[in-house]
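Engineer: First the structure, which I've put down as structure tokens, then a few questions once you've had a look.
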Amino acid sequence: MSDYYDAFEMSPVPDPGPDAVAPQPYRGIYAMPAFVTIPTADLAASAEFWTRGLGFIELFAVPGAVVHLRRWAFQDVLLVSATDVMAQPPAMTCTFAFVLDQLDPVVEACRELRPDSVDGPRDTPWNTRDVEVTTPENARIVLTAAKQFDPDSQVARDFAAVGIKAPGAGVGHDAGHG
């Protein structure tokens, strides 16, 4: 028996596929289970890039101190005013889920605001299409969108080899197989 179970109802991320519809920005107030804090020397310029380029909304702001940004539920970013900011992007990234049809418009918007800010898109061995964006604060943000799962693909065979069942077949290892 597995300790893992299907809990997809907790996530705002839709099932991948050609008819996947991204959720609207979430405007509810909740106790945030996790969030990213990013220092910036220019709150207004940073907020503009995140809203116009990456599609976040400004949930609220404390002038000169913090801008709270959000896309879907549990995708929270706090831009905080700081004098010291990273001169170079770090090795670490922060990843946000998107749907496939959102990637091209976001790439175009980011490139319009900052021409050299985007790397990709590229397809991954774990069945996503990813785009890396470097923000004005030098944060490395990955936009990831799940691709439709093909049960006859090499990805499906690779997943099965490590005990991950196809969507709809449950989560974890088959009983007696590991």
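The values are calculated or read from the model by the stated rules, or taken from the named source; none is laboratory data. Keep in mind the model is a prediction, meaning the values are calculated, not measured. No Cβ is skipped: glycine too gets one built from the backbone with ideal geometry, and neighbour counts run over all protein chains shown. Heavy atoms of the whole protein, side chains included, go into the accessibility calculation; ligands, DNA and RNA do not. Shrake-Rupley method; radii C 1.70, N 1.55, O 1.52, S 1.80 Å.
Engineer: Identify the single condition in (1) of a type in the set (Val, Ile, Thr); (2) closer than 30 Å to Phe149 by Cα; (3) more than 17 Å from the chain's Cα centre (by Cα) that Val36 does not satisfy, given that it satisfies every other one.
Structural biologist: The one condition Val36 does not meet is (3).
Engineer: Kindly provide the set of residues from region 44-103 that are of a type in the set (A, V, I, L, M) and more than 24 Å from Tyr30 (Cα to Cα), ordered by number. Don't jump to the end; show me each part of the working.
Structural biologist: Our first condition is that a residue be of a type in the set (A, V, I, L, M); within region 44-103, this holds for 44-45, 47, 54, 57, 59, 61-62, 65-67, 69, 73, 77-80, 82, 85-87, 91-92, 97, 99-100, 103.
Passing the criteria: Ala44, Ala45, Ala82, Val85, Met86, Ala87, Ala91, Met92, Leu100, Leu103.
Engineer: Let me ask something additional. Enumerate the pairs (first residue in region 61-74 and without any contact (Cβ under 8 Å) to a residue 24 or more places away in the chain and open to solvent by less than 40 Å² (accessible area, probe 1.4 Å); second residue anywhere and of a type in the set (D, E, K, R) and assigned to a strand (DSSP E or B)) with beta-carbon separation below 9 Å, excluding pairs fewer than 6 apart on the same chain, so at least 6 apart or on different chains.
Structural biologist: His68/Glu58; His68/Asp76; Leu69/Glu58; Leu69/Asp76
Engineer: Please enumerate the residues belonging to region 75-109 that are open to solvent by 50 Å² or more (accessible area, probe 1.4 Å) and touching a helix residue (DSSP H, G or I) at 6+ places or on another chain (Cβ under 8 Å).
Structural biologist: Once the filter is applied, which keeps residues that are open to solvent by 50 Å² or more (accessible area, probe 1.4 Å) and touching a helix residue (DSSP H, G or I) at 6+ places or on another chain (Cβ under 8 Å), region 75-109 yields only Ser81.
Engineer: From Phe159, Phe149, Phe96, which residue is at pLDDT 95 or above and aromatic (Phe, Trp, Tyr)? Before the answer, list the steps.
Structural biologist: Numbers: Phe159 fails: at pLDDT 95 or above; Phe149 fails: at pLDDT 95 or above.
Going through Phe159, Phe149, Phe96 in turn, just one is at pLDDT 95 or above and aromatic (Phe, Trp, Tyr): Phe96.
Engineer: Further question: Looking at this structure, is Glu112 open to solvent by 80 Å² or more (accessible area, probe 1.4 Å), in a strand (DSSP E or B) and without any contact (Cβ under 8 Å) to a residue 60 or more places away in the chain? First the steps, then the outcome.
Structural biologist: Values: open to solvent by 80 Å² or more (accessible area, probe 1.4 Å): yes; in a strand (DSSP E or B): no; without any contact (Cβ under 8 Å) to a residue 60 or more places away in the chain: yes.
Here the answer is no, as Glu112 does not meet what is asked.
Engineer: Can you work out which of the residues in region 16-57 that are in a helix (DSSP H, G or I) and touching a Ser or Thr at 6+ places or on another chain (Cβ under 8 Å) is most open to solvent (accessible area, probe 1.4 Å)?
Structural biologist: Start the filter on region 16-57 by keeping residues that are in a helix (DSSP H, G or I), which leaves 43-53.
Now restrict to residues that are touching a Ser or Thr at 6+ places or on another chain (Cβ under 8 Å): 43, 46, 49-50, 53.
On the way: Leu43: 27, Ser46: 2, Phe49: 6, Trp50: 0, Gly53: 2 Å².
Going through the qualifying residues, I end up with Leu43.
Engineer: If you go through region 17-32 one residue at a time, do you hit one that is without any contact (Cβ under 8 Å) to a residue 40 or more places away in the chain, charged (D, E, K, R) and farther than 27 Å from Glu112 by Cβ?
Structural biologist: yes
Engineer: Being more than 28 Å from Pro18 (Cα to Cα), in a loop (DSSP other than H, G, I, E, B) and of a type in the set (Val, Ile, Thr): is that true of Val85 here?
Structural biologist: Details: more than 28 Å from Pro18 (Cα to Cα): yes; in a loop (DSSP other than H, G, I, E, B): yes; of a type in the set (Val, Ile, Thr): yes.
Here the answer is yes, as Val85 does meet what is asked.
Engineer: May I ask you to verify whether Pro125 is at pLDDT below 90 and part of a loop (DSSP other than H, G, I, E, B)? Can you show your working first?
Structural biologist: Details: at pLDDT below 90: yes; part of a loop (DSSP other than H, G, I, E, B): yes.
Criteria met by Pro125.
Engineer: Further question on the same structure: Determine whether Val13 is among the hydrophobic types (A, V, I, L, M, F, W, C), closer than 21 Å to Val99 by Cα and open to solvent by 20 Å² or more (accessible area, probe 1.4 Å). Spell out the reasoning first.
Structural biologist: Working: among the hydrophobic types (A, V, I, L, M, F, W, C): yes; closer than 21 Å to Val99 by Cα: yes; open to solvent by 20 Å² or more (accessible area, probe 1.4 Å): yes.
For Val13, the condition - among the hydrophobic types (A, V, I, L, M, F, W, C), closer than 21 Å to Val99 by Cα and open to solvent by 20 Å² or more (accessible area, probe 1.4 Å) - is met.
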